[in-house]
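This report concerns only the one structure given below.
Any read-out appearing in this document is the output of simple, stated calculations on the displayed coordinates, not a laboratory observation. Because the structure is a prediction, the values reported are computed rather than measured. As a convention, Cβ positions derive from the backbone with ideal geometry for all residues, glycine included, and neighbour counts pool all protein chains shown.
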Amino acid sequence: MKKNLTLTIFLLCLTGKTFAFSKNSTERPFQTEGRISVIFDTDMGNDIDDALALDMLFKYADQNRIKLLGILNNKDSDYSTRFLDLFCTWYGYPKTPIGQIKDGVKLNDYVDYSKNVVEMNDTQKLYRYSIKNHSKLPQSHELYRQLLAKQPDNSVVIISVGFSTNLSRLLQSEPDKYSKLNGRELVAKKVKYLSVMGGSFGEKKRAEFNIIHDLPAAKYTFSNWPTGIVLSPFEVGAKVSYPGKSIAEDFNWTPHHPLVDAYKMYRKYPYNRPTWDLTSVYYTVVKENNLLNISKSGTLSVDEKGFTHFEEGEQGKHYVLSIESKNAEKLKSYFVELIKQKPKKHQK
């Protein structure tokens, strides 16, 4: 999602108040007990970390640690939703609701692995689809309303690893057949917190990919989101690279694997890739011995150039993640061990 490292970035010295990180504190905000109800909001196809993150969610679903309520696409691409369908079907979750976006962000200037995998599948018929007509999928912000309205209060964690378009549209949505509440009221009632990959807080900041490609939506979402936000910035995933060696060696139990195909069709293979989106999934689900640090409470904001800012404050409901160098290798090993596991559907 992100994070094309060749993307021209704006650099700016870090200004304003700094924020302190607790040292792997056991005091995790918005603690969720038992199985977590999750909605995954993704710009599938823009970077391979989306596919890796979704693999993790399916593994957690296999372990009964989460209930994946739905997948909301925030990239305006039929290839993305078709890829999501074949991915869900192959992993054994063919009934997972999928939302599409219209008049959203379109990126056609670099490799899109979802397009490559779908076109390959159209020719070779390696994977099955479960949806007959992808063009009739509901709009993502409308599916949000449908899914949230059915859930217990204060129970859903939204993991957003792409553009903020769907979130902004949800917040601005009007009452409908699913709920008499407007979007902001519905989120405040049903969502526990929002786990976001985006932004940057390095020594030299960057206007990060997810933020700048729909800047108005990002600004609106961070300013108006009524519940808590936990943000994993660019620097966290950049410190933990998923090894191409794992793709080459750990999936030989099957001749065809959609994650492997996607990985190989994204960059010149072999390559290692940062794990931006995986960190937001990891923080949400892993409760004990979590390797990520979390800041004190505060308030996040986005300026007119797409730079993210964080100001500490006891009344704030926002938090920023970080990782110590000594934990980066441990987290990489955790990702590899989880992702290389066979999905429950393919275990014999």
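Suppose the chain between S130 and D153 were pulled fully straight at 0.36 nm per residue; how much longer would it get relative to their current alpha carbon spacing?
On the way: separation 23, 0.36 × 23 = 8.28 nm, distance 3.06 nm.
Fully extending the segment from S130 to D153 adds 5.2 nm.
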Based on the alpha carbon coordinates of region 81-182, what radius of gyration and maximum Cα-Cα distance (Dmax) apply, in Å? 15.6, 47
So if each residue of separation counts as 0.36 nm, and I subtract the Cα-Cα distance between A188 and Q31, what length gain in nm does that give? 54.9 nm
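Counting other beta carbons within 10 Å of each Cβ, put E337, E314 in order, fewest first. Could the numbers behind the result be given before it?
Details: E337 11, E314 7.
Ascending number of Cβ neighbours within 10 Å: E314, E337.
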The simple spin-label model distance between N252 and E324, using points 7 Å out along Cα→Cβ, in nm, is 3.8 nm
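Which of K204/K317; K264/K317; K115/K296 have a Cα-Cα distance over 30 Å?
Details: K204/K317 25 Å; K264/K317 40 Å; K115/K296 41 Å.
Pairs exceeding 30 Å: K264/K317; K115/K296.
State the percent of C-alpha pairs, over all pairs in region 11-346, separated by a distance greater than 33 angstrom.
Value for region 11-346 (Cα pairs over 33 Å): 21 percent.
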Enter the Cα centre distance for the pair region 139-176 and region 272-315, rounded to the nearest angstrom. 20 Å
Just want the ordering: V240, V196, from fewest to most Cβ atoms lying within 10 Å of their own Cβ. V240, V196
From the phi of every residue in region 294-301, what ³J(HN,Hα) in whole Hz does the Karplus formula 6.51 cos²θ - 1.76 cosθ + 1.60 yield, where θ is phi - 60° and glycine or proline is x? 9, 6, 5, 5, x, 10, 8, 8
Output wanted: per-residue J couplings in Hz (rounded whole) for region 201-216, from phi through Karplus 6.51 cos²θ - 1.76 cosθ + 1.60, θ = phi - 60°, x for Gly and Pro. 9, x, 4, 10, 6, 9, 7, 6, 3, 4, 6, 6, 7, 9, 4, x
Starting from the Cα of V336, move 7 Å in the Cα-to-Cβ direction to define the label point; list residues of region 254-276 whose amide nitrogen is under 19 Å from there. 254, 259-261, 263-264, 269-276
Each residue of region 129-140 in turn: what ³J(HN,Hα) in whole Hz from Karplus with 6.51, -1.76, 1.60 and θ = phi - 60°, glycine and Pro shown as x? 9, 10, 9, 6, 9, 5, 5, 9, 4, x, 5, 4
Largest first and rounded to whole Å, the semi-axes √(5λ) derived from the alpha carbon gyration tensor of region 122-194 read 28, 14, 12
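Order these by the 10 Å Cβ neighbour count, fewest first: H256, H309. Present the calculation step by step, with values, prior to reporting the outcome.
Working: H256 12, H309 18.
Fewest-to-most Cβ neighbours within 10 Å comes out as H256, H309.
Considering only DSSP states other than H, G, I, E and B, which chymotrypsin sites (Phe, Trp or Tyr not before Pro) in region 271-335 qualify as loop sites with at most 15 other Cβ atoms within 10 Å? Mind showing how you got there, number by number?
Numbers: sites: Y271, W276, Y282, Y283, F307, F310, Y319, Y334, F335; in loops: Y271, F307.
When the chymotrypsin sites (Phe, Trp or Tyr not before Pro) of region 271-335 are filtered for loop state and at most 15 Cβ neighbours within 10 Å, Y271 remain.
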Residues meeting the amide H criterion for I36 (H placed from the backbone, H to H distance under 5 Å, 5 or more places apart or on another chain) are I66, K67
With every atom except the alpha carbons ignored, what do you get for Rg and Dmax of region 211-335, in angstroms? 17.2, 53
